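As structure tokens, the structure follows; a few thoughts come after it.
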Amino acid sequence: MAKTTQQHSAAQTVTPALRQWIIDQAEAGFAPDVVLKSMQASGWSEDVAIEAMETTLSAHLAATQARKHLPAAVAVPEPALADSPLLLDAGDRMVQVLSVMRHPRLVVFGNLLSEQECAELVELARPRLSRSLTVATQTGGEEVHVDRTSDGMFFTRGESPLVQRIEARIARLLHWPEQNGEGLQVLNYQPGAQYKPHYDYFDPAEPGTPTILKRGGQRVATLIMYLSAPSSGGATIFPDVQLEVAPQRGNAVFFSYDRPHPRTQTLHGGAPVLAGEKWIATKWLREHEFK
Ligand code: PD2
Ligand code: ZN
């Protein structure tokens with residue numbers, strides 16, 4: 001039986017015309033099993049037909065992806081790491097460099113915020129928390145999203161001396177104008193709360209994105225500052241590079257993305273908090289002034 005199949009397979013040559021027919025069927029919306037049955041009805045053996053469909057469609061998908069427009073790269077915030085320093089001068093504070101990654105561009109900072117600054121931010125934010133919203137990419141507005149089960153609030157830029165001091169420190173550390181920053185966002189995660197993996201840039205393919213970009217252009221970098229550590233869980237995860245950043249109070253993770261594209265490898269999420277609670281403050285940085 002096996003011999004018969006082999007002989008039969010050898011006789012069946014997959015021509016460019018057949019490959020094109022397979023692509024046409026897929027693009028017309030026919031399910032793989034329907035295409036397979038149709039090939040078998042025309043005399044193709046099942047194994048040859050499956051092999052032809054798999055190789056043809058995976059090559060076609062790869063070619064389609066490669067042709068998709070790659071957005072141009074833009075300038076991004078960047079700390080002064082050329083000489084591999086252990087400490088960076090952020091103006092009013094020396095900040096530790098704990099880990100550096102080239103791709104994705106990612107830096108873990110230690111001691112960015114003092115314990116007192118963390119505690120003050122939490123206390124100022126606590127009475128203003130409400131269920132976190134995400135930017136609605138369909139419309140450019142905001143919406144409650146199941147992927148984000150934390151509570152949050154935004155400070156406006158420069159709204160208090162504490163917020164202003166931290167914003168000036170971030171601008172100095174990352175060499176990026178204060179005016180290009182969104183207001184600080186504070187999030188509180190209770191046990192079980194998480195933030196499913198996502199990109200922070202706005203997807204150019206979404207209909208609401210042009211509206212969002214009117215206010216300062218694309219996001220080009222994120223700084224997540226840990227204000228209060230849970231006793232377990234709650235790491236910031238980067239699934240593309242299998243990295244977990246532990247949410248230690250006063251520390252921060254910075255990552256930049258020079259184009260709104262997955263090839264920046266900046267997919268990231270907040271793992272579920274397992275015990276205790278997690279507080280963070282996030283600063284998103286835009287290309288231009290954020291008004
Ligand atoms: O809390 C986090 O670790 C987290 C994860 C993913 C925060 C954000 N994204 C964010 O603020 O964008
Ligand atoms: Zn994020």
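Glu159 contributes an accessible area of around 80 Å² to the protein surface, as traced by a 1.4 Å probe with all chains present. Solvent-accessible surface of the stretch 22-125, averaged per residue with a 1.4 angstrom probe and all protein chains in place: 58 square angstrom. What percentage of the solvent-accessible surface of the chain, computed with a 1.4 Å probe over protein heavy atoms, is contributed by carbon and sulfur atoms? C and S atoms contribute 55 percent here. Potential lengthening of the chain between Lys291 and Asp47 amounts to 81.8 nm, from the contour at 0.36 nm per residue minus the alpha-carbon distance. Accessible area per residue for the stretch 196-291, computed on protein heavy atoms with a 1.4 Å probe, is 39 Å². Report the residue, chosen from Arg131, Arg19, Arg249, that carries the largest GNM mean-square fluctuation when the chain is represented by alpha-carbon nodes joined by springs under 10 Å. Greatest mean-square fluctuation among the candidates belongs to Arg19. So how tilted is helix 115-125 from the main axis of the chain? Cα-based, degrees 0 to 90, rounded to 10. Taking the Cα atoms of the chain, the angle to 115-125 is about 80 degrees. Go ahead and estimate [θ] at 222 nm for the chain from helices alone: -39,500 (n - 2.57) per DSSP H run with n ≥ 4, summed, over the residue count, rounded to 500. The per-residue figure over the chain is -9000 deg cm²/dmol. In a fully extended conformation the segment linking Ala31 and Thr15 would gain 3.6 nm over its present Cα-Cα distance, using 0.36 nm per residue. Here, the stretch 32-78 has an Rg and a Dmax of 18.6, 61 Å when only alpha carbons are counted. Against the main long axis of the alpha-carbon atoms of the chain, helix 161-174 sits at an angle near 50°. If you build a Gaussian network model of the chain, linking Cα atoms that sit under 10 Å apart, which residue out of Phe155, Phe255, Phe30 swings the most? Answer for the Gaussian network model of the chain: Phe30. Taking Gly29, Gly270, Gly91 in turn, the Gaussian network model of the chain (Cα-Cα springs below 10 Å) assigns the largest fluctuation to Gly29. How far is helix 46-67 tilted, in degrees, relative to the longest principal axis of the Cα atoms in the chain, given as a value from 0 to 90 rounded to the nearest 10? The helix 46-67 is inclined about 40 degrees to the chain. For His198, the accessible surface of its heavy atoms amounts to roughly 30 Å² (probe 1.4 Å, protein chains only, rounded to the nearest 10).
Estimated from the Cβ-Cβ distance and a Förster radius of 35 angstrom, the FRET efficiency linking Arg249 and Ala75 is about 0.65. For Leu227, the accessible area of its heavy atoms, probed at 1.4 Å with every protein chain present, is near 0 square angstrom. Positive contributions from Lys and Arg (+1) and negative ones from Asp and Glu (-1), summed over other residues with Cβ under 13 Å from the Cβ of Leu113, come out at 0. Kirkwood hydrodynamic radius of the chain, from the reciprocal of the average inverse Cα-Cα distance over all distinct pairs: 21.9 Å.
In terms of the Cα gyration tensor, with a ≥ b ≥ c the square roots of its eigenvalues, is the stretch 153-215 rounded because a/c is under 1.5, prolate because a/b exceeds b/c, or oblate? Note, shape of the stretch 153-215 comes out oblate. Each of Glu206 and Ser38 was given a label point 7 Å from its Cα along the Cα-to-Cβ line. The distance between the two points is 3.6 nm.
Does the stretch 56-130 classify as rounded, prolate or oblate by the C-alpha gyration tensor (a ≥ b ≥ c root eigenvalues; a/c under 1.5 gives rounded; else a/b over b/c gives prolate, otherwise oblate)? Since a/c reaches 1.5 but b/c is at least a/b, the shape of the stretch 56-130 is classed as oblate.
Near Gln96: Cβ cut-off under 14 Å, other residues only, Lys/Arg at +1 and Asp/Glu at -1. The net charge is +2. At an R0 of 51 angstrom, the distance between the Cβ atoms of Thr156 and Thr64 translates into a FRET efficiency of 0.70.
The values are calculated or read from the model by the stated rules, or taken from the named source; none is laboratory data. Note that the structure is a prediction, hence the values are computed from the model and not measured. Counting neighbours? That spans all protein chains shown, and the Cβs are built from the backbone with ideal geometry, glycine included. The accessibility values were calculated without ligands, DNA or RNA, using every heavy atom of the protein model including side chains. Shrake-Rupley method; radii C 1.70, N 1.55, O 1.52, S 1.80 Å.
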